[in-house]
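Colleague: Would you mind keeping the following structure in view while I ask a few things?
The values are calculated or read from the model by the stated rules, or taken from the named source; none is laboratory data. Values in this document were obtained by computation on a predicted structure and should not be read as measured data. Virtual Cβ from ideal backbone geometry, glycine too; neighbours counted across all protein chains shown. Ligands, DNA and RNA are excluded from the accessible area calculation, which covers all protein heavy atoms including side chains. Shrake-Rupley method; radii C 1.70, N 1.55, O 1.52, S 1.80 Å.
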There are 2 protein chains.
Amino acid sequence: MAAGTAATAAIPTLPAIQLGNKYPVVHHVFFWMKNPGSKADRDQLVAGVKTLKKIETIKALHVGVVADTEKRDVVDHSWGVSELLFFDNLEGQAAYQTHPIHLEFIKNCSHLWDKVIVYDIAEA
Amino acid sequence: MAAGTAATAAIPTLPAIQLGNKYPVVHHVFFWMKNPGSKADRDQLVAGVKTLKKIETIKALHVGVVADTEKRDVVDHSWGVSELLFFDNLEGQAAYQTHPIHLEFIKNCSHLWDKVIVYDIAEA
């Protein structure tokens, strides 16, 4: 772009936050419900996932349900609850796996889900 | 717990940040590579995903690859690149879909992937 066009260029906006700088390791779990039509079951699982935030090595979390976005072939709307956790490192994720609060969550809530898929992600 | 036991209780730790308070809508895309063994292809796709951070409605992003976590049946290690985006609302996600930078990314990088799965998540 020529220097003379700068005055008419769009006003620059702040870039998005690169979460990987703060939270390099992501652990994303999707739960498919045993009773997909039960709001009570879904609420119980959401509440269960929220208990995990007391685990020291979890630095940030997002607990969610299916968003009302466009229906496209590539978008999977079939799951029930999303558990998105951020850690400082792989050791933090490993510590979470065997943490008593996590084991208690599994004991209390595993009857609610039918299938689980986990994605473990490292900052690129 | 009786008041007298407080002195021997474990030191409380800070709770994890609830990202949903800041970023209610999550858009998580997993790419399976056409050439899973090509580091060059993976690097090109990672670089492509990072161009998305200039899109105004993306508030935060995490770009990643498969983490070296334990091999368990529920953990999917078969994908190549993860694109994790956060938005203020559904409108922000819709605006991203048709944004010129996103369309340019698809034009430049779609030959690199074989399959895509998208999860759209709303804060619970």
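Colleague: For region B:43-81, what are the residues that are in contact (Cβ under 8 Å) with a residue 60 or more places away in the chain and open to solvent by 30 Å² or more (accessible area, probe 1.4 Å)?
Modeller: Matches in region B:43-81: B:Q44 only.
Colleague: Also: Which of the residues spanning region A:11-44 are modelled with pLDDT of 95 or more, of a type outside the set (S, T, N, Q) and over 14 Å from the mean Cα position of the chain (by Cα)?
Modeller: Matches in region A:11-44: A:W32, A:M33, A:K34, A:P36, A:K39, A:A40, A:D41, A:R42, A:D43.
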